[in-house]
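Any read-out appearing in this document is the output of simple, stated calculations on the displayed coordinates, not a laboratory observation. From a predicted model like this one, the values you see are computed outputs, not experimental measurements. Cβ coordinates were reconstructed from backbone atoms using ideal geometry, including for glycine residues, and neighbour counts include every protein chain displayed.
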Amino acid sequence: MFAKLKRAAVFCACLYLGILMVLLLLQRTLMYPAPQADSGDWNPTWLNREEAEFTSSMGNRLHGWYCEHAQPRAVILLCHGNGEHVAFMAEELRYLRDRFQASILAFDYRGYGKSEGQPFEAGILADGLAAQRWLSERAGVPESSIVIWGRSLGGAVAVHLAASNGAKGLVLDRTFSSMVDVAASHYPWLPVRMLLSDRYPSSKRIEKYHGPIIQIHGKVDQVVPFQFGRALFDNAPSVDKRFLALDDLHHNDPWPEETYLAVEQFITSL
């Protein structure tokens, strides 16, 4: 009996270590599920856009779409989530440009869309800084005068950019206190706090940003649980900040009209 229990314990331990090793090796594959590069609509003829091409400080070529407004009230840098690229964003870009009367750059991180390289935290943050610099030069405004908008993973990028270079305002959509917090909530039986390579400590980084913030999060979000969005907001030192807690908003749901109205008022106030 004892021998059987010992064999079962050894089997369970080996299985656990095997799962741990697989997840350790595949953690970036799981964190960055970039769509196929040829998916989406890369030629939306109805979208007036400029192909933005620039280089990260690490040397990789990056790509995005710049949608210019003739008389912009704001200049926006849009940092998307980890499961999309710009070819899925044409409708959204046209809507945001027209609704907010803004010139907008949406760009792809390394390994996404037409951008070169493989995604990892330091590289993606460097890509964001390059996008902010390109948009500043193209739109003719200081980097600190750009509204930085990030959703999910892009929220972590947006926080880093605002903390590093400043921002006119920060729009955060269903993002998190840290990637470690989110991963640990999904895998409580694994030591992810010790092993995760790309950590995105947004709660720490946001301490360096004191400008205006509007943050949106759904109470039923199962991808980035609500408490991690709230923790990020609570750690922001800004005195000009607003948190919209939506009862029925899931992680990938479209915003209701009242949320667009709130963000529109936020951008107008800037």
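Here are some notes:
- Ranking of T29, T259, T175 by count of other Cβ atoms within 10 Å, fewest first: T29, T259, T175
- Taking the fewest neighbouring Cβ atoms within 10 Å as the starting point, the ordered list for C79, C67 is C67, C79.
- Near N60: Cβ cut-off under 13 Å, other residues only, Lys/Arg at +1 and Asp/Glu at -1. The net charge is -1.
- Each of P191, H63, M89 was scored by the projection of its Cα onto the charge dipole of the chain, and the greatest displacement toward the positive side belongs to P191; charges sit on the C-beta of Lys, Arg, Asp and Glu.
- Shape category assigned to the range 26-171 from the gyration tensor of Cα positions, a/c cut at 1.5: oblate
- Shape call, the range 193-270: gyration tensor on alpha carbons, a/c limit 1.5: oblate
- Using θ = phi - 60° in the Karplus curve 6.51 cos²θ - 1.76 cosθ + 1.60, the 3J(HN,Hα) couplings for the range 26-39 round to 9, 4, 6, 5, 6, 6, 10, x, 4, x, 4, 4, 8, 7 Hz; x is entered for Gly and Pro.
- Close amide H pairs (under 5 Å, H built 1.01 Å from N) link H69 with S103, I104, residues at least 5 positions away or on another chain.
- Centroid-to-centroid, using Cα positions, the range 53-70 and the range 85-103 are 16 Å apart.
- The chain: relative contact order as a whole-number percent, Cα under 8 Å and 6+ apart: 14
- Judged by the mean number of other Cβ atoms found within 10 Å, the most tightly packed of the peptides 137-146, 108-117, 82-91 leads the ranking 108-117, 82-91, 137-146.
- For the chain, the percent of C-alpha pairs falling in each 5 Å distance bin, counted from 0 to the bin holding the largest distance, reads 1, 6, 12, 17, 18, 17, 12, 6, 3, 2, 2, 1, 1, 1, 0, 0.
- Among Q101, G128, S115 - extreme Cα towards positive end, dipole of the range 91-133, charges at beta-carbon: Q101
- Linear extension gain, H250 paired with S185, 0.36 nm per residue minus alpha-carbon span: 21.7 nm
- Placing R0 at 30 angstrom, the Cβ-Cβ distance between R193 and E258 gives a FRET efficiency of 0.25 after rounding to 0.05.
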